[in-house]
């Protein structure tokens, strides 16, 4: 934060001035002590005539000794105060960065909660259910049209897929853009999870990855079973998969963190998975490729971790409503210096 940077700079300046002034006092005090010692020597040489002057010289020496002691105490107290102020400012800054990390992961959680609601709702749509129950080209075309209408209103999705029990895509909302129909997705974990849901109230949530069927774009997939008659406990007929347009949505979240220009010059905002792999970054670097060296103590959900070069402020997903999250973290990566 710019104000805190200014306070830190001012603290350093005060420390610099204080040290210089203490040094000057020490120099004057040494000279005073030296003069007092010389005066005592001369008084001793003068004998009885110099006794009164000796008393004054002794008092000057004593005062000089007290000044020296006070100067050393002041130096120690100033150093301790500076350290406490620096530690307090660092703690405040760490708390601020941790709060920003928590806000970032909270925003994405709330967004993804909506996706979990959408997939369960749309799986009961009559056109989508009929597509699997009927299986005809006409029914699939009707479902494709319905999915397209949904996508026109929900811009956060790349595509919506209807898959049969064998895992084959039989309808999608953007057939002119994505060549998904006919593709076998039976080996995808989200398809298996969707088919395995116990009721229409359940769903599967999966980490973002790139898909060939989406022309290499990245999507976070949510899935649930499409059930006979659209009933909550109906027999599974296939799976509905909603493909959340991950890159632009996550970029907006990581780039919208409230930081000053000074902060941004040495800061990256990240979303990482439970194994600390970068899944989103404010500068788009290392996404799906880099892991950050984050060390989180067991049971701790927020905090900071520092290396020689970088400070990481982190916050683990708290989840939102019925969406429990996937163990992701919001992370603020701040270079030292």
### Summary
Restricting attention to region 271-286, the residues that are without any contact (Cβ under 8 Å) to a residue 24 or more places away in the chain and over 18 Å from residue 206 (Cα atoms) number exactly 3
### Query
Considering 161, 121, 190, which residue is within 16 Å of residue 239 (Cα to Cα) and touching a helix residue (DSSP H, G or I) at 6+ places or on another chain (Cβ under 9 Å)?
161
### Task
List every residue pair whose Cβ atoms lie under 7 Å apart, where the two residues are 6 or more positions apart in sequence or sit on different chains, the first residue falls within region 204-229 and is outside the structural domain of residue 170 (by TED's automatic domain parsing), and the second residue, located anywhere, is surrounded by 18 or more Cβ atoms within 10 Å (Cβ to Cβ).
none
### Task
Report whether or not residue 144 is touching a residue at least 24 places away in the same chain (Cβ under 8 Å), under 17 Å from residue 171 (Cβ atoms) and not in a helix (DSSP H, G or I).
no
### Query
Is it true that residue 229 is surrounded by fewer than 16 Cβ atoms within 10 Å (Cβ to Cβ), at positive phi and either at pLDDT 90 or above or in a loop (DSSP other than H, G, I, E, B) (or both)?
yes
### Task
Kindly list, by first and then second residue, each pair from a residue in region 156-177 that is in the same structural domain as residue 142 (by TED's automatic domain parsing) and on the phi > 0 side of the Ramachandran plot to a residue that is part of a strand (DSSP E or B) and surrounded by 24 or more Cβ atoms within 10 Å (Cβ to Cβ), limited to pairs with Cβ atoms under 8 Å and residues at least 6 apart or on different chains.
167/239
### Given (1) over 21 Å from residue 217 (Cα atoms); (2) at pLDDT below 95; (3) in contact with a strand residue (DSSP E or B) (Cβ under 6 Å, 6 or more places away or on another chain), number of the condition residue 86 does not satisfy
(3)
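The values are calculated or read from the model by the stated rules, or taken from the named source; none is laboratory data. Values in this document were obtained by computation on a predicted structure and should not be read as measured data. Cβ sites come from the backbone with ideal geometry, for glycine too, and all protein chains shown count toward neighbours.
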